[in-house]
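Each remark here refers to the structure printed beneath this line.
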Amino acid sequence: MSRCWLLLLVLVGGCGRAGADRTVLEQVRVRPLEFSVQAEGELRSTRPTPLLVPGALWTARQLNWMLPDGSTVEKGELVARFSAEQSKQDLAQARIDLERNTLARATKQAELDDKSGQLGVDLTQVAVQHAIAARYANAPLEAMARNDILDAVQDVHYLDVRQRILQWREDQSASRGNAELAVLDAQRSSFDTVAKQKQDDLEALELRAPHAGVLMLEKNWSDQLPHVGSSLYAGNSFASLPDLDALEVQLAVPQIEAQGLQVGDTVELHRWGMPAQHVTSRLSWVATAAQPRSNENPVRYLAMKVTVPADVARRYGWVPGQRFVGKIILLHVDKGLSVPNMALSHDGDQSSVEVLDGGHVQTRKLKLGVRGATRTQVLDGLQPGDRVLLAGTAAREAK
């Protein structure tokens with residue numbers, strides 16, 4: 001049993017006063033100090049290649065087959081196969097619309113040709129009648145009766161008007177017909193575009209790996225991984241292929257234990273359940289605020305990242321998705337002084353402890369170093385052998 005605890009037993013057990021029974025002391029002594037925080041996290045890649053559901057954006061897909069999560073794939077290897085029943089129906093409808101458009105245009109063209117032909121016949125007939133009427137209208141009085149000549153003059157005027165009307169109808173018919181054909185051509189172009197899109201959509205039902213790597217499935221908005229039979233939409237994230245030369249572990253520490261953590265702190269990492277596979281690295285990033293990890297658990301955690309050397313990951317065969325345990329070293333010195341956090345009092349920027357000296361309680365102002373979860377490093381203000389008051393009502397009253 002250490003000298004510290006022997007002193008504590010003597011003071012607590014040997015004191016006859018009731019108030020002194022509640023006094024708890026700790027004797028300060030030089031010792032090796034190590035403050036650390038335990039954390040768990042997951043290995044991830046900093047440069048993953050996203051794999052999106054193939055096809056036009058927001059096109060419905062159904063997953064028919066896929067490789068298991070964590071599978072090793074080669075470049076060009078089939079990762080997943082989808083079906084698109086809605087696209088099949090849309091393509092069939094687009095082809096029907098194209099056939100209907102073709103028939104409608106052919107019918108409209110025949111109507112325009114018939115109408116144009118009839119107007120041509122009418123114009124020819126009027127032209128012949130106009131020539132005859134003009135000939136009689138200019139005949140001398142000796143050749144024909146006066147009444148016949150007057151009728152011929154009236155016929156010329158009528159045929160002139162009729163000829164202009166037929167020419168106007170011919171122009172209007174051609175213009176209106178071209179407009180109607182243009183509408184049908186525009187509809188055909190739209191139907192043809194839809195058919196081409198749906199055809200391309202049906203040709204994009206396979207997802208292949210752009211390069212070698214490890215397949216990591218991505219969770220959707222409801223925190224569910226893709227599975228065979230699930231409905232997906234083209235353009236959404238399906239999985240990723242991490243770059244195995246750029247790995248990091250994202251750790252999570254409860255907020256209450258995350259005091260003093262900062263970028264650059266040493267971290268000892270090992271794979272969960274395999275302490276022999278270990279590496280020492282440093283914190284590369286620390287979140288500015290703690291957040292809950294799920295709606296069911298209100299406890300807030302502070303997220304942080306640790307870079308993993310690529311050669312170590314290759315040596316142990318580490319791949320993204322594996323769980324890791326991290327020991328974050330806040331302080332490690334061979335010799336130092338420390339006090340329990342419960343013994344500290346704070347007044348603004350000043351920190352102090354109460355020391356029992358000759359039966360009297362004295363307040364010592366301290367210069368502190370690193371603060372751990374239960375103890376704090378003391379840089380100045382205490383000497384080895386000082387007896388720090390942890391708790392004691394009687395001692396405080398004596399002061």
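The values are calculated or read from the model by the stated rules, or taken from the named source; none is laboratory data. All figures in this text were calculated on a predicted structure; none of them were measured in a lab. All Cβ positions, glycine included, derive from the backbone under ideal geometry; neighbour counts span all protein chains shown.
Structural remarks
- Residues in the stretch 348-375 that are acidic (D, E) and touching a strand residue (DSSP E or B) at 6+ places or on another chain (Cβ under 9 Å): E354, D357.
- Taken over the stretch 81-93, the criterion of being farther than 18 Å from L57 by Cβ and of a type in the set (A, V, I, L, M) is satisfied by A92 alone.
Per-residue answers, yes or no, for (1) assigned by TED's automatic domain parsing to the domain that holds G317; (2) surrounded by 16 or more Cβ atoms within 10 Å (Cβ to Cβ); (3) touching a Ser or Thr at 6+ places or on another chain (Cβ under 6 Å):
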{"residue": "A174", "(1), (2), (3)": "no, no, no"}
{"residue": "N178", "(1), (2), (3)": "no, no, no"}
{"residue": "L181", "(1), (2), (3)": "no, no, no"}
{"residue": "L184", "(1), (2), (3)": "no, yes, no"}
{"residue": "D192", "(1), (2), (3)": "no, no, no"}
{"residue": "Q197", "(1), (2), (3)": "no, yes, no"}
{"residue": "M216", "(1), (2), (3)": "no, yes, yes"}
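- No other residue among E77, E111, E85 is at pLDDT 90 or above and of a type in the set (D, E) apart from E77.
- Residue list for the stretch 203-217, restricted to those being of a type in the set (D, E, K, R) and in contact (Cβ under 8 Å) with a residue 60 or more places away in the chain: E206, R208
- Per-region count, the stretch 307-347, residues touching a strand residue (DSSP E or B) at 6+ places or on another chain (Cβ under 6 Å), under 30 Å from T46 (Cα atoms) and assigned to a helix (DSSP H, G or I): 3
- Here E42 fulfils each of the conditions (1) in the same structural domain as S281 (by TED's automatic domain parsing); (2) outside any strand (DSSP E or B); (3) of a type in the set (D, E, K, R) apart from (2).
- Condition check for D21: among the charged types (D, E, K, R) and modelled with pLDDT under 80: yes
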